[in-house]
Amino acid sequence: MTQLTMAKAINEGLRRAMADDPKVLVMGEDIGKLGGVFRITDGLLDQFGAQRVVDTPLAEAGIMGAAVGLAFRGYRPVVEIQFDGFVYPAFDQIVCQVAKLHYRTRGNVTMPITIRIPWAGGVGAAEHHSESPEAYFVHTSGLRVVAVSNPQDAYIMLRQAIASNDPVVYFEPKKLYHTKGDVDLDADLADAPPMGLARVAREGTDVTLLTYGSQVLTAMDAATAAEDDGVSIEVIDLRSISPVDYRTVTASVRKTGRVVVTHEAAREAGVGAELIASVTERCFNYLEAPPQRVTGHDIPYPPAKLEKHHLPDLDRILDAVDRVMDRPNSLTGHEEWGQPEAGRGAAVREGLL
Amino acid sequence: MTHTLTPTAELATDTEDVARLLTPDGQRISDPELDRWVQDVDAATLQSLYRDMVLVRRVDTEGVALQRQGQLGLWAPCQGQEGVQVGTARAFRSDDFVFPSYREIGVNFVRGAKPADFVLAWRGEEHSTYNPYDINTATPQIIIGAQSLHAVGYAMGIQRDGTDQVAAAYFGDGASSQGDVNEAMVFASSFRSPVVFVCTNNQWAISEPVTVQAKFPIAGRAPGFGIPSMRVDGNDVLACLAAMRWALDNARKGNGPAFIEAVTYRMGPHTTSDDPTRYRDKDEVERWKGRDPLARVEALLRAEGSFSDEFAAQVAADADDLGAQVRAAALGATSREPIGVLDHVYAEPHSGLDEQRAWFGAYLDGFASTDEEAGR
């Protein structure tokens, strides 16, 4: 085991994948000499050369479309989108081409493309640099979507994503780039848990808390805090949000009977909505309380000085835990509001609902 | 070089300012740039170019008829564009890789598409009937211009493999406005990739005339990206063959991308769902009938004594035979089993979709057992 930051773990994952397979190449903006704006590709140009570490023109659709052509030719492109909010120009190529070519060609053409996206907020960044666009990709059939929360997963799951014959959108939380953890650099992919499996990050008996990415750390803190309050929370790090490991999820919810989902992304039609719908379908008779979501507000990502009011923090998670535990909470006395974070409160007050 | 670059004229609609080897009435004329690329073209080659165009037109006619008879959901006719499609495609090596748009019936014909490949997608049976690697031709692209980037990426792969293959993208005048096409030219130029862009300027993007896309010839854009380009008569199969040989040779030698604007005309509607009488002049269509790509080759062959009755009869018989095969492929098509709608979404097992498949299979089986109970 080696202590590495997540950034370094991803770097090592790329290095290992490139060493293992000459068809793997990385491409993106500023990833060569600079090593990427987050230094994730640091040193790769020197080790593998400009044919396999490609500084591209500043055009995300171009990067993605070129990756499609390289995949046609038998390559395994690993694309770096510089920031989450910059992925939208590439959206057409991802949705119409990357995701659909295997289906369109009846499996004759594979798209083993890994789309790395430095992701989400909490780092005081400029506009368009803190977004959580994962639901768009989860909704797109043909893609796999993963979000990592620790250096070991980052290292292994990146290698798994690159080795996969399907396209994988790989979300790496910027906020955790510099958190350290043990990484087994010699790990054999054959022995590693499959990319699609969720991980029970902490066992508990009262509430199942579902999350992914950097929000896993907030969830763990919430679980620790709740323990002092006599509530036992089981935290599940989903790791893969498409597909979701419902075997692990339903086993937990059937045990606890209560479920809270938290993610940074906005609530409306977010991953949490899908998770709760699916959990409800599978576990309705086991539920002791209405499932709860703790998410970003339904707003464009706010200015950095205000992001702390947007991001679901420990207290907002604990408030939702109180709701499913039927303890006093922010809704107490305002039951007609339903979910305050859904914005119904004002409408109720104004008599609109 | 002056510091101000100004278009010298509004040339986008000037369909006569093109490189040409065959005049509309079938005169073989000389072009200093193009001649050298077709010196080997003898009467037999001209005959085979003519035959290909006749067969392509027949596939197209059959496609329209099948759509009108309800056998196909839609058809995108290529009539009028046989010259650029056959001429450019005949310049490829079989190991070059082509990324066509949905209207490149003639390109796919030359690449080796089978009769069923022309109709089953438009019938709605499959998105793609052939394996792209069998004929080194991608599934025809419907998203306008998206394939131009795929060709560049493929060409980047060729560079890494160190072979002398070339990739090519076909798109239209409408696509020239798309970001993908412009980004493709930036990438191709930046990486000096062996790719040829063929812009079939058929004057119309559904109802929009080319002047909505361009106030200057589209071929004039490529040099701005650092890409040499040529503007040819797209109804002149010989000029198209020559231009494409120039472009492919340029790429094969390691000189990077090239761009061809083939000036032609979409004689039919955009698709069988379109009604061009709402937006364009009959006179314009009539004018272009006089520039037919097949007629000028026939005239030249006749003048050279290479258009015998036997030859004409054989070509007509071959076309009828191909038309019959296309028709039979459409009429004889069978649809996939219902569960097959879930096939090939992923290359590897996927817990979510696998679960849906299990459920849908059981659901379908439920009808089977109901049928059994009812004695059906």
(1) closer than 20 Å to A:M111 by Cβ; (2) in contact with a Lys or Arg (Cβ under 8 Å, 6 or more places away or on another chain); (3) surrounded by fewer than 21 Cβ atoms within 10 Å (Cβ to Cβ); (4) of a type outside the set (S, T, Y) all hold for A:V78 apart from (3)
Can you find a residue in region B:209-230 that is small (G, A, S), surrounded by 23 or more Cβ atoms within 10 Å (Cβ to Cβ), touching a Gly at 6+ places or on another chain (Cβ under 8 Å) and not in a helix (DSSP H, G or I)? yes
Return only the number of the condition from (1) under 26 Å from B:V166 (Cβ atoms); (2) within 11 Å of chain B (Cβ to nearest Cβ); (3) over 19 Å from the mean Cα position of the chain (by Cα); (4) not small (G, A, S) that A:P89 does not satisfy. (1)
In region B:348-376, how many are without any contact (Cβ under 8 Å) to a residue 12 or more places away in the chain and either out of contact with any Pro (no Cβ under 8 Å at 6 or more places or on another chain) or more than 10 Å from chain A (Cβ to nearest Cβ) (or both)? 20
Contact list please: Cβ distance under 7 Å, first residue in region B:265-288 and farther than 16 Å from B:V210 by Cα, second residue outside any helix (DSSP H, G or I) and among the aromatic types (F, W, Y), pairs at least six apart or on different chains. B:T271/B:W75; B:T272/B:W75
Looking only at region A:93-119, which residues are within 7 Å of chain B (Cβ to nearest Cβ) and in contact (Cβ under 8 Å) with a residue 24 or more places away in the chain? A:Q93, A:Q97, A:H102, A:Y103, A:V109, A:T110
Go through region B:51-92 and report how many residues are in a loop (DSSP other than H, G, I, E, B), of a type in the set (A, V, I, L, M) and under 30 Å from B:D161 (Cβ atoms). 1
Look at B:Y133 and say whether it is of a type in the set (S, T, Y) and out of contact with any helix residue (DSSP H, G or I) (no Cβ under 7 Å at 6 or more places or on another chain). yes
Would you check if there is a residue in region B:319-341 being within 14 Å of chain A (Cβ to nearest Cβ) and part of a helix (DSSP H, G or I)? yes
Using the structure shown, decide if A:I10 is assigned to a loop (DSSP other than H, G, I, E, B), surrounded by 18 or more Cβ atoms within 10 Å (Cβ to Cβ) and touching a residue at least 24 places away in the same chain (Cβ under 8 Å). no
In region A:139-177, residue nearest to A:G272 (Cα to Cα) [restricted to those that are within 13 Å of another protein chain (Cβ to nearest Cβ) and among the polar types (S, T, N, Q)]: A:T140
With region A:208-293 as the region, which strands (runs of 3 or more DSSP E) entirely inside it contain at least 1 residues that are more than 15 Å from the chain's Cα centre (by Cα)? A:233-237, A:259-266
From the options B:V212, B:V198, B:V186, B:V152, residue that is at pLDDT 95 or above and away from chain A (no Cβ under 14 Å): B:V198
If I go through region A:57-86 residue by residue, how many of them are assigned to a loop (DSSP other than H, G, I, E, B), at the interface with chain B (Cβ under 8 Å from one of its Cβ atoms) and either in contact (Cβ under 8 Å) with a residue 40 or more places away in the chain or over 25 Å from the mean Cα position of the chain (by Cα) (or both)? 4
Counting only residues that are within 14 Å of chain A (Cβ to nearest Cβ) and not β-branched (V, I, T), which one in region B:77-100 is surrounded by the fewest Cβ atoms within 10 Å (Cβ to Cβ)? B:D95
Restricting region B:104-120 to residues that are more than 15 Å from the chain's Cα centre (by Cα) and within 14 Å of chain A (Cβ to nearest Cβ), which is nearest to B:D343 (Cα to Cα)? B:L120
For region A:190-212, what are the residues that are touching a helix residue (DSSP H, G or I) at 6+ places or on another chain (Cβ under 8 Å) and charged (D, E, K, R)? A:R199, A:R202, A:D206
Looking at (1) without any contact (Cβ under 8 Å) to a residue 60 or more places away in the chain; (2) closer than 24 Å to A:K8 by Cβ, can you tell me which one A:A163 breaks? (1)
All but one of (1) surrounded by 22 or more Cβ atoms within 10 Å (Cβ to Cβ); (2) closer than 17 Å to A:L314 by Cβ hold for A:M220; which doesn't? (1)
When you check B:R160 against the structure, is it surrounded by fewer than 24 Cβ atoms within 10 Å (Cβ to Cβ) and facing chain A (nearest Cβ under 8 Å), yes or no? yes
Which residue out of B:F259, B:F311 is assigned to a helix (DSSP H, G or I), in contact with a Lys or Arg (Cβ under 9 Å, 6 or more places away or on another chain) and touching a residue at least 60 places away in the same chain (Cβ under 8 Å)? B:F311
Look at A:V260 and say whether it is under 21 Å from A:S149 (Cβ atoms), crowded, with 23+ Cβ neighbours inside 10 Å and either within 13 Å of chain B (Cβ to nearest Cβ) or touching an Asp or Glu at 6+ places or on another chain (Cβ under 6 Å) (or both). no
Within region A:145-174, which residues are touching a Ser or Thr at 6+ places or on another chain (Cβ under 6 Å) and either surrounded by fewer than 23 Cβ atoms within 10 Å (Cβ to Cβ) or not in a helix (DSSP H, G or I) (or both)? A:V145, A:V146, A:N165, A:V168, A:Y170, A:P173
Looking for something hydroxyl-bearing (S, T, Y) and at the interface with chain B (Cβ under 8 Å from one of its Cβ atoms) - is there at least one such residue anywhere in region A:32-55? no
Positions within region B:179-198 being surrounded by fewer than 24 Cβ atoms within 10 Å (Cβ to Cβ) and in a helix (DSSP H, G or I), in sequence order: B:G179, B:N182, B:V186, B:S189, B:S190, B:F191
Regarding A:A17, is this residue outside any strand (DSSP E or B) and either over 23 Å from the mean Cα position of the chain (by Cα) or within 9 Å of another protein chain (Cβ to nearest Cβ) (or both)? no
Given the structure, is A:Y136 within 13 Å of the chain's Cα centre (by Cα), outside the structural domain of A:T211 (by TED's automatic domain parsing) and surrounded by fewer than 19 Cβ atoms within 10 Å (Cβ to Cβ)? yes
From the list B:D14, B:D40, B:D95, which one is at pLDDT below 95 and outside any helix (DSSP H, G or I)? B:D14
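The values are calculated or read from the model by the stated rules, or taken from the named source; none is laboratory data. Bear in mind the structure is a predicted one, so any value in this text is a computation, not a measurement. Heads up, the Cβs are rebuilt from the backbone with ideal geometry, glycines too, and the neighbour counts pull from every protein chain shown.
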